[in-house]
Every structure is written in C-alpha cells, then in structure tokens.
Protein chains: 2
Amino acid sequence: MTRLITVAAAQLGPIQKAEGRDSVVARMVRLVERAHQRGANVVVFPELAFTTFFPRWYVEDLDQADNWYEESLPSAATQPLFDAIKRYGITCYLGYAEIAHEPDETGQVRKRRFNTSVVIAPSGEIILKYRKIHLPGHKEFSSIRKVQHLEKRYFEVGNLGFPVTRAPVGQVDGVNMGMLICNDRRWPESWRELGLQQVELVMLGYNTPAVNQENRGFEANHLRNFHSQLSIQAGCYQNATFGVGVAKAGNEDGFELMGHSIIVNPQGEIMAMATSWDDELVVADCNLAMCELGRTTIFNFAQHRRLEAYTHITSQTGSTPPAVWMPSTQEETEAHSS
Amino acid sequence: MTRLITVAAAQLGPIQKAEGRDSVVARMVRLVERAHQRGANVVVFPELAFTTFFPRWYVEDLDQADNWYEESLPSAATQPLFDAIKRYGITCYLGYAEIAHEPDETGQVRKRRFNTSVVIAPSGEIILKYRKIHLPGHKEFSSIRKVQHLEKRYFEVGNLGFPVTRAPVGQVDGVNMGMLICNDRRWPESWRELGLQQVELVMLGYNTPAVNQENRGFEANHLRNFHSQLSIQAGCYQNATFGVGVAKAGNEDGFELMGHSIIVNPQGEIMAMATSWDDELVVADCNLAMCELGRTTIFNFAQHRRLEAYTHITSQTGSTPPAVWMPSTQEETEAHSS
C-alpha cells in the first residue's frame, strides 16, 4: 500500500499584542478549513501559535504574565480549533505556552512554564507532547539589547526528551512523528535524537526575528532565512525524514519575524514554501517510502555510526580549546624532513 | 591583530588507474606553486590524493594492493610535494591510503590499513593525523552493484578520534585545525566533535561518485552535489567554523566523480567554488574572527546544549522504532474532548 500523506504548513501572519485568543483561534480554524479543502491529512502550526511572540516583552513577575499561557488544552477559547480538527479528521501540530502544575527536580509540585507543542489526533485527543529543549536568548533584562529575547526567563528547559510516536495519519496505518520547536532546528543533536527513533515526519514551528540583533557586522540579514532552511534541509537529509517548518511571520508591534515556511523531503529538497508574511497555507504530498532510501543505505546508522568516536558530544556541554602544537626543535625538524 | 589566512582548495582532476605517483605528485606540486602565487597560506588536497579511487576495484587479497598505499610519508615518490610545501612555507592537508604496522585491539602488531589525512606544517613536519571514521560502502564483492565501493574492505575504521590542533598558519599565531574525510562530512557527529574542540578550519577531501548506484528512483543525480554542499554548509554554520571541501573530480577509467570543491565560511556561505572536473585552484581570504559570532551567541554550546536530552546519540548505534500509539477507547476520547 502506498504510504502517501498530504501535509499542510499553516503559516500564521503576525499576532499583535492586543489580539485576543478568540481572533487567533478563528484564523487557525480558517486555515484548518482550507487545509481540508486541499486534501491535507496533517496541519502544522507555528510555535506559540495563540499569542504574539511575548518573550520580547520583559515582565518583572512571571505570575503577571499568565495570560500568555494555557493552563489546559483545549480551553473554552481554544475549543473551536479542536472542533475543526475533529470535524475534518486532521492530525495537527500546535505550539503554545504551557503552565503545568507538576513536581520539579526536588519532587515539589509547583507552577512550571514550558514552550510546548503537541500532536493532536483527528479524534481531538493529544497523542504526543514535547517541551522545547534549546531555549535561546537570556533570563534577565538586557540593557545592551534593543530587543529582548527572554525565552530563558519565560520557560524552563523541556523535560520530555525528543519523543517520537507511531500513529495513523489519513489512510496510512502508522506514521513515525516527532516534534521540534524553533531554535531546536539549528541543533543537529535534536534531529539525530529523532532520527534514531526512525522519525518520518518532523513537525516544527518557529518565531524567528528577521534581524539578528547580535550580528556584529558578521551576518547579513538575508542569511537569517538561509540558516533556518539550511538547518531544516540538512536535518531532513541526514535523518532521512520529511520535515515541516512553520513560521509565525510578519510585523508584530514593530518587530519583524521571518516567514518562508517550508515542507522538505528526505533528500533535503524544499517541496513547498510560503512566500507571504501572512496567514498562508502550503501543501505537499509526502510519500513516506522516500524515507527508506537514506535509512537503509548511506545513513544506515547501524552499519556506519561509530559511538566510540562521539565521546565529546555527550561528555561535555561547552567547547574546550584544542592542544597547542609545539614545533620540534630545529634539529629534529631537519632530521625529519631530510 | 587581524586573524586573516588565505586558503586554497586544490581540486584534482581524475587520476587514471595507470597514472603513476610521479605524475600525480608533479600535478600537486604545480598546484602548490599556483597557490603560492595567489598568496595562499593553506592548501587542501582531496582524499586519496596520490591514486585513482581504487576502492571501486575488487581485489581478493589485500596484500596484492599495497601499491595503492603509502608505507612512509614522505617517500621518495612524494618527497617533491613536501619540498614544495617547505619552499613556499605553506600548510597542507593531504589524504592518502596508509599502511601502518602497529598494534591492533588485541595488542598484536600487524599490518593495518587506513584512509588517512595529515596536516603538514610549512616546515614539512606532519603535525596532525586523522583516520577516516565513517567508511561507506561494503566489505565483500557485491554482485548486485554495477560499481563496487569497497572502502570497508580496504580500510579499518579510524582509531584516532577527530583530533584538533592549534598551530601557526601564515602570519597567524594559532589556528584551530581539524580534518574530516569524504563521507564523514555527511555526519553531524563528525562536525560536532570538531566544534566541541573550537575548530576554526575544517579541511576535508573527497572522492564521490557522481551517480548514486543505489538511488532506487528516489534521488535525482543533480542532488549528489547538493547533498555534499548542504552537509558542509550546515556543518560550518552549526559549528561556527570555516570549511574546505575538496574533490577528486572527473572521469576515472569510465567512472565519474563529482567536482565543485568549495570554501565555506562560518555563516555557511560558499566563498569560492571550483567549476571544472580538472586540476583547479580556488582561493579565499578567511577572517577567523568570523568564528566568534556563532561560538559566543546562538551556538554558545555551554549556554545552550542539553546533554540529558542527547542520550540516544551515544547509547545506541542503530535506530529503533518508536512506540506505537494506542487510541483511547471511544468513551475516554469522548470524555476527553467534551
């Protein structure tokens, strides 16, 4: 049987700080409807899809910022999205800010905040949850930055690993689905964790500023999108998986976010790309049989990976300088090269 | 002081099976001379630079194939290259087939074969050695392949890790240099091992067939070069390093190898590219200060890497299927979504 699924990247245009969840959810429902009209079995939304990219706004006391988060999913405000998913029998990836009341490392139940995504089955059931691991930015207000990027303030590091699940999608009995969020896509470790679980479809949303405030004159602005696509294309190729990278795009209260959401095949080719900075749907047919070529030949991990050579990767977090080469004495050099 | 070095990718055209080392070494010396004329401080040659890509040829008894290997470096035949390096004060990366008489895992000294590369200092001294870790292909003659790819027959897996050394290059006191060989470039683990040692210049040679014999209708031929460049560009960007990927190119005894050697900056941009299938030199000025942006911001490993989430990477060689999701009963689903 052909393992063909139709995948939609549902890019969202900007969400202003003042826009309410009801309005955003209505936009998302329209995208689900359009995805249904175009025959999609899967719809992928951005990171933090219900709100503006609020980590650009500093708050002293996080408890004053609860309105950016979801304490339950679905809630009254988000229920219409779940209804649409169910109505059209679509599988959905959705990013949101999560408040969870659960034990921390010490076992103490407390209010915890994560940058989270879920896979929602056509039944409306949440079948997989991921919490963002590579949080970019900083924790405290930075007086030297023109724009804050306070993800390390607003969120704890994800504690669910990089889970993959196999579940039905459209007419296909089982599709191996995994998730990333935004900055995770730049880290090959994220992709490899999913690849080692035979992922076939990586869904990821992002909110990425169109200008790197820290570029120091070394990074042309047009490279921002190149870097995003390069990372997704390399991740897909090197792990023989389809990938869907979906932006929240455009100008939010004066701050521009990148667009150019893409659907990528296991060869690393871009199959479809959004070209607006607005709500936009792009769709591609994904033949999951394409994942087998890489997985069974050039990237047959069992045959080719060499764990004994990867010891730095999991034994040290930061980088360390290499040994400095010391030249031989003049006499030794002469002797060697004569 | 400006940390500027001038880097040359010295692509070699085809080397036919019948071509002798003296002829190949003379071609390499001419490239070193041209590199000197163009002000290069570093010259990077391909993998297995002294011979045809012999792993396409089956031999029953490896001892009959010793002529493809170097037992000492330099030898009488390769000395002119070392002389040229010394004459012009150039740092050189060189790939070759190595025979080493050294202990194996059991402590027994025996004749061992590796796909090796070295960094040669302007003094002619070998200052760093690497042995290829990701050997592609197969060990036994394959009757279903039109072309053999017997690297797993001709070579043992490299046993020197991914070393990085800091040594003077041109007028720069210390440059952090590392090496890869051919198929290593497709594996993000290789690049990360070097990145964790603060590499600033990754030198790598390759011999890559222009057609994937195993493509099964899923990989267009033009993607071969895309995959090579995608992997190098992603590796450079994600580890904030310069990279030089150098081909042996063109038609060797009826078998076509890819060209399009490149020099890539830490933004992942291609700075220079060969466009022939012949001996060809491309040169770029590399400002090593460019490595600092990535290393101290978005790819500040100490701040952002999360070892606890990378456990699959070094705990399992091959991939394993994910858990299969089991739907809740109808009643539970109704309750959940109501």
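The values are calculated or read from the model by the stated rules, or taken from the named source; none is laboratory data. Note that the structure is a prediction, hence the values are computed from the model and not measured. Every residue, glycine among them, receives a Cβ derived from its backbone with ideal geometry; neighbour counts consider all protein chains shown. Areas reflect the complete protein model, heavy atoms only, side chains present, ligands, DNA and RNA absent. Shrake-Rupley method; radii C 1.70, N 1.55, O 1.52, S 1.80 Å.
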- Message: Along the Cα→Cβ direction, 7 angstrom out, place labels at A:Gln108 and A:Ser23. What is the inter-label distance in nm?
- Response: 4.0
- Message: In chain A, if the dipole is taken from +1 on Lys/Arg beta carbons and -1 on Asp/Glu beta carbons about the Cα centre, which of A:Tyr58, A:His260, A:Asn287 is farthest to the positive end?
- Response: A:Asn287
- Message: Tell me the per residue accessible area of the range B:4-337 using a 1.4 Å probe; a whole number in Å² is fine.
- Response: 35
- Take A:Thr314, A:Thr116 and sort them by solvent-accessible surface of the protein heavy atoms, 1.4 Å probe, largest at the top. A:Thr314, A:Thr116
- Task: Mind giving me the FRET efficiency for B:Gln316 and B:Phe141? R0 is 45 Å, r the Cβ-Cβ distance, nearest 0.05 is fine.
- Result: 0.90
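To the nearest 20 debye, what charge dipole does the range A:4-308 have about its Cα centre, counting +1 at the Cβ of each Lys and Arg and -1 at the Cβ of each Asp and Glu? Display every interim value, and only then the final one.
Working: 31 positive and 36 negative charges, 80 e Å.
Computed charge dipole of the range A:4-308: roughly 380 debye.
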- Which of B:Lys17/B:Lys129; B:Lys111/B:Lys146; A:Lys129/A:Lys152 exceed 23 Å between C-alpha atoms? The answer is B:Lys17/B:Lys129; B:Lys111/B:Lys146
- Message: For B:Arg110, place a label point 7 Å from Cα along the Cα-to-Cβ direction in every copy; what are the distances to the other copies, in nm, shortest first?
- Response: 5.9
- Fraction of beta bridges assigned by DSSP in the protein assembly as shown that are antiparallel (%, nearest 5): 65
- Expressed as a whole percentage, what fraction of the accessible surface of the protein assembly as shown belongs to carbon and sulfur atoms when a 1.4 Å probe is rolled over the protein heavy atoms? 51
- Helix B:79-88: inclination vs chain B longest Cα principal axis, degrees, rounded to 10, gives 90
- Task: Label the range A:229-291 by shape, choosing from rounded, prolate and oblate, from the square roots a ≥ b ≥ c of the eigenvalues of the Cα gyration tensor; if a/c is under 1.5 it is rounded, and otherwise prolate applies when a/b is larger than b/c, oblate when it is not.
- Result: prolate
- Using a 1.4 Å probe, how large is the accessible area of A:Val246, given in Å² and rounded to the nearest 10? 0
- Item | Charge-dipole axis of the protein assembly as shown as Lys and Arg at +1 and Asp and Glu at -1 on Cβ define it, positive-most pick from A:Pro322, B:Val7, B:Cys92 | B:Val7
- Message: Give me the percent relative contact order of chain B, please, defined on Cα pairs under 8 angstrom at least 6 residues apart.
- Response: 20
- Item | Degrees, to the nearest 10: A:223-239 long Cα axis against longest axis of chain A | 80
- Distribution output for the protein assembly as shown: share of Cα-Cα pairs per 20 Å bin in percent, first bin at 0, values 18, 49, 27, 6, 0
- Item | MRE, 222 nm, helices only [DSSP H, n ≥ 4, -39500 (n - 2.57), over chain B, to nearest 500] | -6500 deg cm²/dmol
- Note: A vs B interface, total accessible area buried (1.4 Å probe; ligands, DNA, RNA excluded), nearest 100 Å², is 8300
- By the Cα gyration tensor axes a ≥ b ≥ c (a/c under 1.5 gives rounded; else a/b larger than b/c gives prolate, otherwise oblate), the shape of the range B:90-154 is oblate
- Item | Inter-copy spacing of B:Gln64 label points, which lie 7 Å from Cα along Cα→Cβ, given in nm from shortest upward | 8.2
- Message: For the range B:121-172 and the range B:60-119, what is the centre-to-centre distance using only Cα atoms, to the nearest Å?
- Response: 11
- Interface call, the range A:189-212: threshold 40 Å², probe 1.4 Å, accessible heavy-atom surface of protein chains, chain by itself vs complex, result A:Glu189, A:Arg192, A:Glu193, A:Leu196, A:Gln197, A:Gln198
- Message: Between B:Ala302 and A:Val59, what's the calculated FRET efficiency when r is the beta-carbon distance and R0 is 25 Å? Round to 0.05.
- Response: 0.40
